[in-house]
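Engineer: Here's a structure for you.
The values are calculated or read from the model by the stated rules, or taken from the named source; none is laboratory data. Since this is a predicted model, take the numbers as computed values, not measurements. Here the Cβ positions follow ideal geometry from the backbone for every residue, glycine too, while neighbour counts run over all protein chains shown. Surface accessibility is based on the protein's heavy atoms, side chains included, excluding ligands, DNA and RNA. Shrake-Rupley method; radii C 1.70, N 1.55, O 1.52, S 1.80 Å.
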Amino acid sequence: MAMKKFLITTTILCIIVLLALYLQEQSKPLQTLPVQQEKPAVVSDYKNIEYTVEGENILLVNGVSQIDATDSSANVTVKYFGNELKKDLNEDGRDDVIFLITKESGGSGTFFYVVAALDTPSGFIGSSALLLGDRIAPQNIVSGSGKIIIVNYADRLPADSFVVPPSVGK
C-alpha cells in the first residue's frame, strides 16, 4: 500500500514538473529575423481621421465623408460642423479637440453629434460620436470641471412641430 502511494505521488510530481517545463518553454519569445516595419504616418489634422458614428467607421477627408447608401438613391454625408473646444481629455498634457459633426441621409433631418480627436504622439485618434439630436440649433461647447465638456444647443418643446425653430436651451 505504501509503495502504491509512493508511485502515485511520484507520478503526480512528474506530471507537474513536465507541465511547468512545457509552460516555461511556451512563454519564451520566438526568435525571428528583424523586419523593418514601416512607421505609420502621423495624422496631424483631426478633420482627416476616422470616427465611429452609429457603429460605423467614417473616414473624414478635409472634414467630409460621402457614403453611397446601398438601400436608397440618397447618399449619406458626414461633415465637420465646428464649435471646437480644445481640452486635455486623457490627462497626457496634450490638448485634444472636441467638436460637432453632422450626418445627413437625404431625408429632411440633419443629425448633430459631438466627437473628440485625441492628440497622441502618433497623431490624432477619433472617438465614437455621441448623438445630440435631429434638427437642433447648436450654440457652443464649453469646458466643465475635470474631463467634463458641456454642449449647449436649442431644441423644440416636445409638442412643437419641426417647422417651429428651436428655442429651448439644453
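Engineer: Taking the stated definitions as given, is Ser143 modelled with pLDDT of 90 or more and open to solvent by 60 Å² or more (accessible area, probe 1.4 Å)? Spell out how you get there, then give the answer.
Structural biologist: On the way: modelled with pLDDT of 90 or more: yes; open to solvent by 60 Å² or more (accessible area, probe 1.4 Å): yes.
Answer is yes for this residue.
Engineer: Against the conditions (1) open to solvent by less than 70 Å² (accessible area, probe 1.4 Å); (2) modelled with pLDDT of 90 or more; (3) under 22 Å from Gly55 (Cα atoms), where does Arg135 fall short? Just the number, please.
Structural biologist: (2)
Engineer: Condition first: open to solvent by 50 Å² or more (accessible area, probe 1.4 Å) and closer than 16 Å to Ser44 by Cα. Can you find one or more residues in region 66-77 that meet it? Talk me through it step by step, then tell me what you get.
Structural biologist: Start the filter on region 66-77 by keeping residues that are open to solvent by 50 Å² or more (accessible area, probe 1.4 Å), which leaves 66, 68, 70-73, 75.
Narrowing further to those that are closer than 16 Å to Ser44 by Cα: none.
No.
Engineer: Checking the conditions here, which among Leu132, Leu85, Leu100, Leu118 is farther than 16 Å from Tyr46 by Cβ and in a strand (DSSP E or B)? So that I can check it myself, show each step before the final result.
Structural biologist: On the way: Leu85 fails: farther than 16 Å from Tyr46 by Cβ; Leu100 fails: farther than 16 Å from Tyr46 by Cβ; Leu118 fails: farther than 16 Å from Tyr46 by Cβ.
Unique residue meeting the criteria: Leu132.
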